[in-house]
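S.K.: Pasting a structure below so you can have a look.
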Amino acid sequence: MPAHAPASDPLAPAPSDPLARERSHLAASRSALRAMREDAEALDIRDVTANWVNAIVLQAQIDDRIKSLADLSHTPLFFGRLNYLHAPGATLAEGAEGEQFYIGRRHVHDAGGDPMVIDWRAPVSQPFYRASRKDPQDVSLRRRFGYTGGELTAYEDEHLSDPGEASAVSKLLQQEIERPRVGPMRDIVATIQPEQDEIVRSGLSGSVCVQGGPGTGKTAVGLHRVAYLLYAHRDRLARTGTLVIGPNRSFLHYIEQVLPALGELEVKQATVDDLVARDGLEVRAQDAAATAVVKGDARMAEVLRRALGSHVTAPAEPLMVVRGSRRWRVPAYELAEMVEELQNRDIRYGAARDALPQRIAHAVLVRMEQAGEAPDDRVQDAVARDPAVKAAVKQAWPPVEPAKLVLRLLADPDFLAAHAEGVLTADEQKLLLWPKPFRSMKSAKWSAADLVLIDEAADLVERTHSLGHVVLDEAQDLSPMQYRAVGRRCTTGSATVLGDLAQGTTPWATRGWDEALTHLGKPQAVVEELTAGFRVPREVIAYASRLLPSISPGLAPVSSVRETPGSLRIAEVADPAAAAVAACREALAHEGSTGLIAADARVPALAEALLAAGLPYLSPGEETTAQSRLTLVPASLAKGLEYDYVVLDEPAAIVDGEPDERTGLRRLYVCLTRAVSGLALLHSAPLPAALA
């Protein structure tokens, strides 16, 4: 694509050397960023704070500002440039002269306050992602920059308003997508496509569900959406909070550097297990698949609601409150009416329990007023705290510990049957019951699904704190009860749900997004589908897509934009371990990362073979470096990860390692689609028939 030199600058290199001019602007921008950081570091707050509390808060804000102004040497400060025909916001009649903007990961200004780099999230940057020859959006030139080791080494131009220039695929864009992967997950801010940008910039008030096959960038889109929302609604989200939820710790470690690279430092990350964890309760058991399916079923919410409600009983005795020399009697029928009214309001158990003593106290105050007294709010509060009132409330509406409630349901068949009647079948109830009941919460061997039930019960007692925005990744693997647990964290906020129905590898995997979003409490969420693949080579994704009719009928296959001849190699071998070692050596001869993916049961033998061959390896979640580029990946942890080259060991063993064939084929689909540049598939057993 042709070059276009920036506007004249008497101190800049000659117009005949536009690359040198861009390097000069990069150096000047880095100097300006350094000056911005030094200004922040030099701030003296001693004379502007009223007290030590204000000083601590203000200093923390300054420290965050300093962190956000760090210059990451490995991250390009800007990756693009826009030349506008007219000043943004000006009308054509005004004839305003066009302006030039450099687009980067954060805003940088010079000593005079003039922008040197514009944040990619700013409105003026949007045409960098969405402008086209059909819709140039007043852009005359879009320039992309290429970097090597943090140094600006190339650029290419598109003259969007020039009808004589032929359309062409961006080579720099392609190179950026294909750049070898070493280290944590990269941000995609320089390569965001129009359909991705629409999702990234969608509003905070609405929830979005992104269905995306392997390599469509759904995870990066979700993370960039968080960064955009924090930019556009910073004050609101600073108050309400944001959270990114991933499937496991390895995955969260893999993605944790994306947001800091975009200047966002305060976004919390967690797994669903982290969300429902409770002090003193450890996960020490694993449910059988059939049991886990029942515990994860949304019907369990009704069983818990009934079980909790059974603790409330209508008072059978009147209440006598003594105040000085007077006694005030509240009859049993009136107490029962108060209890029934609170039950009918369908408010949380704890809130109703807190309201009952005030209702009783109000009834006593009415009697006092009828007797000619003039009690005030202080008297009502005193009556509500009266020992007789407390005793009556405890008997009618006793406190309930959520973990004890779940313990009883799982240990007492009669209690479970009484509250699961008409909801769960007798066989389903048997699956829930512990073979040998535990006596206490601490001695119980809780499973991960049990803690989700306890979290549901806790929310029935007391409302769960809600955040402003939650991103839920790999959502297809959640049970309905897990969706409810996540949904409780954003009842007053919004959510971005990311997943791929074809990659669901749990027995309770999501069957459809409409159902999942209903359990999440966001039935009105917009469902967007990404079908253009940018990561996985066309040959590899086409081979993996052979499994779709078996694992997710009707789901559109990913159409990869990258054709990479030779990226797929399938070999039948006699000695799988030796072949895997040889294939890893071959892959490591190339630049970038290598992942050896195998069925969990085969990992120990492959680990031994790698060490015997002198090939050290990392575990998933450990950061790859230039010296350590080989990772040994159990199939159960492969989801969400990516490697330049993948060696896939014994597909049939991956399928056989799951409870059923469909889940096994879905796990295989995940493993087949982890490669960015090349996949070597090795097998000694026959390949699954679905791949034929």
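S.K.: Using the Karplus curve 6.51 cos²θ - 1.76 cosθ + 1.60 with θ = phi - 60°, what ³J(HN,Hα) values do you get for each residue of segment 577-588, in whole Hz, with x for Gly and Pro?
M.R.: Result, rounded to whole Hz: 5, 5, 5, 5, 4, 5, 5, 5, 4, 5, 5, 5.
S.K.: Right, something else. Taking 8 Å as the Cα distance limit and 6 or more residues as the minimum spacing, I'd like the relative contact order of the chain as a percentage.
M.R.: 13
S.K.: Right, something else. Provide Rg and Dmax in Å for segment 576-692, with only Cα atoms included in the calculation.
M.R.: 13.1, 39
S.K.: Put +1 on the Cβ of each Lys and Arg and -1 on the Cβ of each Asp and Glu in segment 547-641; which of SER567, PRO620, ALA580 then has its Cα farthest toward the positive end of the dipole?
M.R.: With unit charges placed on the Cβ atoms, the residue in question is SER567.
S.K.: How many angstrom lie between the C-alpha centres of segment 389-439 and segment 606-640?
M.R.: Here the two parts' Cα centres lie 46 Å apart.
S.K.: Something else about it: Could you give the angle, 0 to 90 degrees to the nearest 10, between helix 402-411's Cα long axis and the longest principal axis of the Cα atoms of the chain?
M.R.: It works out to around 80 degrees.
S.K.: Net charge within 13 Å of ALA598 by Cβ-Cβ distance, Lys/Arg positive one each and Asp/Glu negative one each, not counting ALA598 itself?
M.R.: Overall, the nearby charge balance is -2.
S.K.: Still on this structure, please answer the following. Can you list the GluC sites (Glu not before Pro) in segment 331-390 that are in a DSSP coil and have 13 or fewer other beta carbons within 10 angstrom?
M.R.: Loop-located and lightly packed - GLU373.
S.K.: In degrees between 0 and 90, to the nearest 10, how far off the longest principal axis of the chain does helix 387-396 point, with axes built from Cα atoms?
M.R.: 70
S.K.: Let me ask something additional. What is the P(r) of segment 243-374, as percent of Cα-Cα pairs per 10 Å bin from 0?
M.R.: 9, 22, 20, 17, 15, 11, 5, 0
S.K.: Right, another one. Using just the helices of the chain, give the 222 nm mean residue ellipticity in deg cm²/dmol: DSSP H runs with n ≥ 4 each add -39,500 (n - 2.57), and the total is spread over all residues, rounded to 500.
M.R.: Rounded to the nearest 500, it is -11500 deg cm²/dmol.
S.K.: So, one more: From the residues PRO315, LEU431, ALA131, which one has its Cα farthest along the dipole of the chain in the positive direction, the dipole being from +1 and -1 charges on Cβ of Lys/Arg and Asp/Glu about the Cα centre?
M.R.: PRO315
S.K.: Once you have a ≥ b ≥ c as the square roots of the Cα gyration tensor eigenvalues for segment 444-499, tell me rounded if a/c is under 1.5, and otherwise prolate or oblate according to whether a/b is larger than b/c.
M.R.: Since a/c reaches 1.5 but b/c is at least a/b, the shape of segment 444-499 is classed as oblate.
S.K.: Taking θ as phi - 60°, what are the ³J(HN,Hα) couplings along segment 414-420 by the Karplus curve (6.51, -1.76, 1.60), each to the nearest whole Hz, with x for Gly and Pro?
M.R.: 5, 5, 5, 4, 5, 9, 9
S.K.: Continuing with the same structure: Please state the charge dipole magnitude for the chain, taken about the Cα centre, from unit charges on C-beta atoms (+1 on K and R, -1 on D and E), reported in debye and rounded to the nearest 20.
M.R.: It comes to approximately 1460 debye.
S.K.: From the phi angles alone, apply the Karplus equation (6.51, -1.76, 1.60; θ = phi - 60°) to segment 313-324 and give each ³J(HN,Hα) in whole Hz, x where the residue is Gly or Pro.
M.R.: Each residue of segment 313-324 in turn: 10, 6, x, 9, 10, x, 10, 10, 10, 9, 10, x Hz.
S.K.: If amide H atoms are built 1.01 Å from N in the plane of the peptide, which residues on other chains or at least 5 residues away come under 5 Å of the amide H of VAL527?
M.R.: Result for VAL527 returns CYS209.
S.K.: Looking at segment 378-512, I'd like the Rg to Rh ratio, where Rg is from alpha-carbon atoms and Rh is Kirkwood's inverse mean 1/r.
M.R.: 1.08
S.K.: Next up: Under 13 Å between alpha carbons, and skipping anything fewer than 8 positions from LYS394 in its own chain: which aspartates and glutamates qualify?
M.R.: ASP354, ASP386
S.K.: Now, a different point. Say the dipole of the chain comes from +1 at the beta carbon of Lys and Arg and -1 at that of Asp and Glu; which of LEU410, ALA458, ALA556 then lies farthest toward its positive end?
M.R.: LEU410
S.K.: Over the Cα atoms, compute the radius of gyration (one decimal) and Dmax (the largest Cα-Cα distance, rounded to a whole number) for segment 267-325, in Å.
M.R.: Considering segment 267-325 through its Cα atoms, Rg and Dmax are 20.7, 65 Å.
S.K.: I've got another one for you. Using only the Cα atoms of the chain, what are the Rg and Dmax in Å?
M.R.: So, for the chain, Rg and Dmax equal 30.8, 102 Å respectively.
S.K.: Then there's this: Would you grab the residues whose amide H sits under 5 Å from the one on SER494? Only those 5+ places off in sequence or on another chain, please, with H modelled 1.01 Å from N.
M.R.: So SER494 has HN proximity to HIS469, VAL470.
S.K.: Around LEU460, with a cut-off of 9 angstrom between Cβ atoms, what is the net charge of the other residues, counting Lys and Arg +1 and Asp and Glu -1?
M.R.: Result for the neighbourhood of LEU460: -1.
S.K.: Can you tell me which of 657-666, 551-560 comes out highest on packing, and rank the rest after it, using the mean Cβ neighbours within 10 Å?
M.R.: Going by the mean number of other Cβ atoms within 10 Å, highest first, we get 657-666, 551-560.
S.K.: Using a 1.4 Å probe on the protein heavy atoms, what percent of the accessible area of segment 212-342 belongs to carbon and sulfur?
M.R.: Its accessible area is 47 percent carbon and sulfur atoms.
S.K.: What size of dipole, in debye to the nearest 20, comes out for segment 532-662 about its Cα centre when the only charges are +1 on Lys and Arg C-beta atoms and -1 on Asp and Glu C-beta atoms?
M.R.: Taking the Cα centre of segment 532-662 as origin, the dipole is about 400 debye.
S.K.: If you place +1 on the Cβ of every Lys and Arg and -1 on the Cβ of every Asp and Glu, how big does the dipole about the Cα centre of segment 194-279 come out, in debye to the nearest 20?
M.R.: 140
S.K.: Which residues' amide hydrogens lie under 5 Å from the amide hydrogen of TYR155, considering only partners 5 or more residues apart or on another chain, with H built in the peptide plane?
M.R.: GLY146
S.K.: What is the helix-to-structure angle for 52-68, meaning the angle in degrees between its Cα long axis and the longest Cα principal axis of the chain, kept from 0 to 90 and rounded to the nearest 10?
M.R.: Tilt of helix 52-68: around 30 degrees.
S.K.: What is the sum of charges around ILE118, taking Lys and Arg as +1, Asp and Glu as -1, for the other residues whose C-beta is under 12 Å from the C-beta of ILE118?
M.R.: Net charge in that neighbourhood comes out at +1.
S.K.: Right, next: With each label point set 7 Å from Cα along the Cα-Cβ vector, what nm distance links ILE56 and GLN358?
M.R.: Once both label points are built, they end up 3.1 nm from each other.
The values are calculated or read from the model by the stated rules, or taken from the named source; none is laboratory data. Keep in mind that this is a model prediction, so the values were computed, not measured. In this analysis, Cβ positions are derived from the backbone assuming ideal geometry, glycine residues included, and neighbour counts consider all displayed protein chains. Ligands, DNA and RNA are excluded from the accessible area calculation, which covers all protein heavy atoms including side chains. Shrake-Rupley method; radii C 1.70, N 1.55, O 1.52, S 1.80 Å.
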